[in-house]
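Derivation of every value follows stated rules applied to the coordinates shown; laboratory data play no part. Small disclaimer: the values here were computed from a predicted structure and weren't measured. Heads up, the Cβs are rebuilt from the backbone with ideal geometry, glycines too, and the neighbour counts pull from every protein chain shown.
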Amino acid sequence: MSSAGSGPKIAVIHDWLVSQRGGENVLDAICELFPQAELFTLVYAPGQVSGNILRLKRHESFLRRLPGARQRYRHLLPLMPAAIERFDMSPFDLVLSSSHCVAKGVRKRSDAFHMSYVHAPMRYMWDRFDEYFSEGRYGAVTRFAARRFRAYLQEWDRKSATRVDHFLANSKFIAGRIAQYYEREAQVVYPFCEPADFSRARQPGRNYLMVTALVPYKRVDTAIEAFNRMKKPLLIVGDGPDRERLQRLAGPSIEFLGAIRRESIADLYSKCRALVFPGIEDFGIVPIEAMAAGAPVVAFGAGGALETVTPETGVFFDENSAGGLIGAIEAFEKRSFSEEACRRRGGEFTRQRFQREYLDELRRAAPSTLVAGLVASARARIG
C-alpha cells in the first residue's frame with residue numbers, strides 16, 4: 001500500500017491503443033478521473049489517440065519490439081496473455097482495466113484491488129470465432145493457427161478472470177457473456193456519447209446510413225444485399241479489411257465514404273433518413289449517436305441495441321437476413337418518429353453519467369480505506 005498522504009498508486013490497463021473508437025473514449029473518461037494513474041497497453045500507435053489518455057505515463061509491452069506490431073497486432077493474439085502478464089503490477093494498489101481482449105488478465109498483488117470494465121470477453125475466441133476466422137478473410141495458415149490456439153486462449157481467458165475482484169460490463173448482453181464464460185457476476189455501466197456533438201438541426205433526406213467498421217460480424221453484406229434489392233440509397237461510413245469484398249457486392253445505390261471526420265459523421269446523422277444497424281453489438285455506440293442527432297434506427301433485435309433503441313426511436317427486425325431487413329425498412333417507412341424522442345433517448349447516455357456510475361461501483365466494491373478519498377477527489381474533478 002502506498003504511504004499515507006500519497007494516496008493509492010493506480011494502474012490503468014487497456015488492450016491496445018491504435019485508434020480512437022468507443023473503447024478508447026471510455027478509457028479517456030476513466031483517465032480523466034485518475035490523472036495520477038499510470039497507463040499500460042500492449043501496443044501504442046503515436047498520433048492515434050488523444051486527450052486524457054496521452055496525459056498519463058505510458059508503458060508498452062514487449063510486443064512493440066516485434067516487426068509490424070502496430071499494424072498487425074491482431075496476428076499476435078497467442079502472445080498477448082504472456083505480454084499482459086509480464087507487466088509489473090507490484091507497485092500498484094488499485095488496478096483498473098478496460099478490456100475487450102486480455103487486459104483483464106493482468107497479474108496484481110494479492111492485497112491490491114482490480115476492477116475490470118469489460119467491453120466484451122475475448123470475442124475472437126468465443127462466440128464470434130467463425131466470423132473472424134472465416135474462409136476468405138484469412139489464409140489457411142492463419143485459420144489453422146487460430147483453431148490450434150483457440151482452446152488454450154479460452155482456458156486462459158477463464159482462469160485469468162479469477163484475478164478480477166469486481167467486474168463491470170458495458171451492457172446486460174455482455175454481463176450475460178461474463179456469467180456464461182467466467183461464471184462471474186458483472187454490474188452494468190453503459191458507455192456514452194457526447195450529445196452536444198450531435199446538436200445540429202435535423203434535415204432528413206432520402207439516404208439511409210451505416211457507420212461501422214467493415215468486418216464480418218457487422219453484417220454489412222446483409223445491408224448491401226437488402227439495399228441492392230430495394231434500390232434505395234445507402235451511405236456506408238467506415239473502413240476495414242472487408243472493404244474491397246463489400247464494394248464488389250454493392251450496387252449503384254450504395255456509396256462507401258471511408259473513414260471520415262467526426263464532424264462529417266455528425267452531419268450525416270442529421271441528414272439521414274435512418275441509421276441501419278444489422279450487426280449484433282456488445283453495446284453499440286453508433287445508435288446512441290444517431291438518436292442524439294434526432295435520427296431513428298433500424299436495428300437487428302439482439303445484443304446491446306435492445307437496451308438502447310426503444311419502440312419510440314426505431315424498428316427492430318428478428319431475422320438477420322436481407323429479407324428481414326427489407327421488412328423492417330418497409331415497416332419503418334409506414335411510421336413517423338419524433339426527433340425529440342430520439343434526441344431525448346440519445347441524451348441519456350452521457351459521459352458524466354458514465355463517470356458517476358463508474359465511481360459509484362468503485363466506492364461500493366473496493367475497500368473504503370483504499371478508495372474513499374480517491375472517489376471523492378475524482379467526483380470533485382468532474383463536477
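Using a 10 Å cut-off around each Cβ, can you sort GLU24, GLU155, GLU244 from fewest to most neighbouring Cβ atoms?
GLU244, GLU155, GLU24
Run down the aspartates and glutamates and flag those whose C-alpha is under 13 Å from the C-alpha of LYS104, throwing out any fewer than 8 positions away in its chain.
Cα-Cα hits under 13 Å: ASP15, GLU85, ASP157, ASP165.
Report the one residue of ILE285, PRO204, PHE87 whose Cα lies farthest in the direction of the positive end of the charge dipole of the chain (charges on C-beta: Lys and Arg +1, Asp and Glu -1; origin at the Cα centre).
PHE87
Hey, rough spin-label estimate for ALA302 and ARG353, points 7 angstrom out along Cα→Cβ, what's it come to in nanometres?
Roughly 2.7 nm, to one decimal.
If you take the beta carbon distance between ARG148 and ARG245 as r and set R0 to 22 Å, what does 1/(1 + (r/R0)^6) give as a FRET efficiency, to the nearest 0.05?
0.30
Highest first, please rank the peptides 109-120, 181-192 by the mean number of other Cβ atoms sitting within 10 Å of their residues. Walk me through the intermediate numbers first.
On the way: 109-120: 19.8, 181-192: 18.0.
Packing order, densest peptide first, comes out as 109-120, 181-192.
At a Förster distance of 30 Å, what's the computed FRET efficiency of ARG229 paired with ALA201, Cβ-Cβ distance as r, to 0.05?
It comes to 0.40.
In debye, nearest 20: dipole of region 195-346 around its Cα centre with unit charges on the Cβ of K, R (+) and D, E (-)?
Computed charge dipole of region 195-346: roughly 480 debye.
Tell me the net charge near GLU330. Cut-off is 12 Å between Cβ atoms, GLU330 excluded, with +1 for each Lys or Arg and -1 for each Asp or Glu.
Details: positive: ARG229, LYS232, LYS334, ARG335; negative: GLU333.
Result for the neighbourhood of GLU330: +3.
May I ask for the distance between the Cα centers of region 47-90 and region 269-328, given as a whole number of Å?
Cα centres, region 47-90 to region 269-328: 33 Å.
In what order do LYS9, LYS108 fall by count of nearby beta-carbon atoms within 10 Å, going from fewest to most?
Exposure proxy ranking, most exposed first: LYS9, LYS108.
Among the lysines, select those whose C-alpha is under 29 Å from the C-alpha of LYS232, and discard any that sit fewer than 8 residues away in the same chain.
Answer for LYS232, where 29 Å is the Cα cut-off: LYS218, LYS271, LYS334, listed by chain and number.
Less than 17 Å apart at the alpha-carbon level, and either on another chain or at least 8 residues along: which lysines does that give for LYS57?
LYS9
With +1 assigned to the C-beta of every Lys and Arg and -1 to the C-beta of every Asp and Glu, and no other charges, what is the dipole magnitude of the chain about the Cα centre in debye, to the nearest 20? All intermediate terms of the calculation are to be shown ahead of the outcome.
On the way: 55 positive and 44 negative charges, 144 e Å.
It works out to roughly 680 debye.
Based solely on its DSSP helices, what 222 nm [θ] is calculated for the chain when runs of n ≥ 4 H residues each add -39,500 (n - 2.57) and the sum is averaged over all residues, nearest 500 deg cm²/dmol?
After summing the helix terms and dividing by residue count, I get -11000 deg cm²/dmol.
Order these peptides, 159-172, 199-212, by their mean beta-carbon neighbour count within 10 angstrom, highest first.
Details: 159-172: 20.4, 199-212: 17.0.
Going from most to least packed, we get 159-172, 199-212.
Would you mind ranking THR350, THR369 by Cβ crowding within 10 Å, fewest neighbours first?
The order, fewest Cβ neighbours first, is THR369, THR350.
Report the extension gain between ILE382 and ARG72 in nm, rounded to one decimal, defined as 0.36 nm multiplied by the number of residues separating them, less their alpha carbon distance.
Details: separation 310, 0.36 × 310 = 111.60 nm, distance 3.66 nm.
Extending this stretch completely gives an extra 107.9 nm.
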